[in-house]
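All remarks here apply to the structure that follows.
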Amino acid sequence: RASAFVGLGPACTVSISLSDEDKRKKVPTIKDGKQETLLVFTDKDPVAGEVTLKLDPGKRIEHVGVKIEFIGMIEMFYGNYHEFTNLVRDLDAPGDLVSSKTYAFDFSNVDKQYDSYNGINVKLRYFLRVTVSRQYSPSIVHEQDLWIKNIHQLPPPEINNSIKMEVGIEDCLHIEFEYNRSKYHLKDVVIGKIYFLLVRLKIKHMEIEIRKRESTGSGSDLYNESETITKFEIMDGAPVRGESVPVRLFLSGFDLTPTYRNVNNKFSVKYYLNLVLVDEEDRRYFKQQEITLWRKEL
């Protein structure tokens, strides 16, 4: 992507090309209401490439230095910005730019420990910023975002107990539900069973939801936003005592992230399985259970 800056005199276009962009996976994201496609990197990947300053023919630009920065930033949608990574490479000393010029850059050992994230109230982004600093005119600035996905943030859990819970309303309803594990990778399958031990309510149907909860801030400034990622019916009609209903939920079809706990002390993202029973009078009874999600592969 390139951006053009036309002043009273000089016109200069800045572009960034990454050295292995043809081989990289890409992800579609939304930025400022527009869809764009970003290259995917992991924590181990070097970020290297070239910056090109393209001058209009016959133009020249006086500058006091050209630099490129690799920046990791958390942006809160109520206006706070927190940089957690900022590395700088100087590309050119002060002087005159009289023709187009290309500079190589390399950020080999940059800490990219957090995943990129685009949420409801918070965004975690990594980007490259090129600045052509000028003394008497506005600096020329160009940014290009990258998308970071880390594998094995949570290793395959050694202790991954099944979830077994009972839920009931005294003398009316008693059910037991069991899911095969409490931790799942993003392309996993949730397998479970729901047992009806006592049914005196007239149940109309039963559904399972995956709910995502994003928490930002802390203390009195804590904001929780919940959204339902998916909802599907697992039973239609009244169950009888002793009945068991199987659950099989493929996670790969949904837009899920890993579970994030207290990223840079700024935000968390958690996921829940929510079991909902609806009776014939449209009263809803539900029980939710947190599950941990982790990324096994890109």
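Values for this structure:
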quantity	calculated
Test set (1) of a type outside the set (Asp, Glu); (2) open to solvent by less than 50 Å² (accessible area, probe 1.4 Å); (3) in contact with a strand residue (DSSP E or B) (Cβ under 6 Å, 6 or more places away or on another chain); (4) within 24 Å of Asp22 (Cα to Cα) - Lys101 fails condition number	(2)
Output for segment 1-26, where each listed residue is surrounded by 14 or more Cβ atoms within 10 Å (Cβ to Cβ) and modelled with pLDDT under 85	Ser3, Phe5, Pro10, Ala11, Cys12
Lys31, sole failed condition from (1) touching a Lys or Arg at 6+ places or on another chain (Cβ under 9 Å); (2) surrounded by 15 or more Cβ atoms within 10 Å (Cβ to Cβ); (3) under 30 Å from Asn150 (Cβ atoms)	(2)
Hits in segment 65-80 - residues which are out of contact with any Pro (no Cβ under 8 Å at 6 or more places or on another chain) and over 13 Å from Arg129 (Cβ atoms)	Ile74, Glu75, Met76, Phe77, Tyr78, Gly79, Asn80
Per-region count, segment 240-258, residues in a loop (DSSP other than H, G, I, E, B), over 21 Å from His205 (Cβ atoms) and open to solvent by 70 Å² or more (accessible area, probe 1.4 Å)	1
Qualifying residue in segment 70-89 (condition: more than 30 Å from Asn265 (Cβ to Cβ) and modelled with pLDDT of 85 or more)	no
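The values are calculated or read from the model by the stated rules, or taken from the named source; none is laboratory data. Source: prediction; values computed, not measured. We place every Cβ from the backbone using ideal geometry, glycine too, and count neighbours over all the protein chains shown. SASA here: full protein model, heavy atoms, side chains in, ligands and nucleic acids out. Shrake-Rupley method; radii C 1.70, N 1.55, O 1.52, S 1.80 Å.
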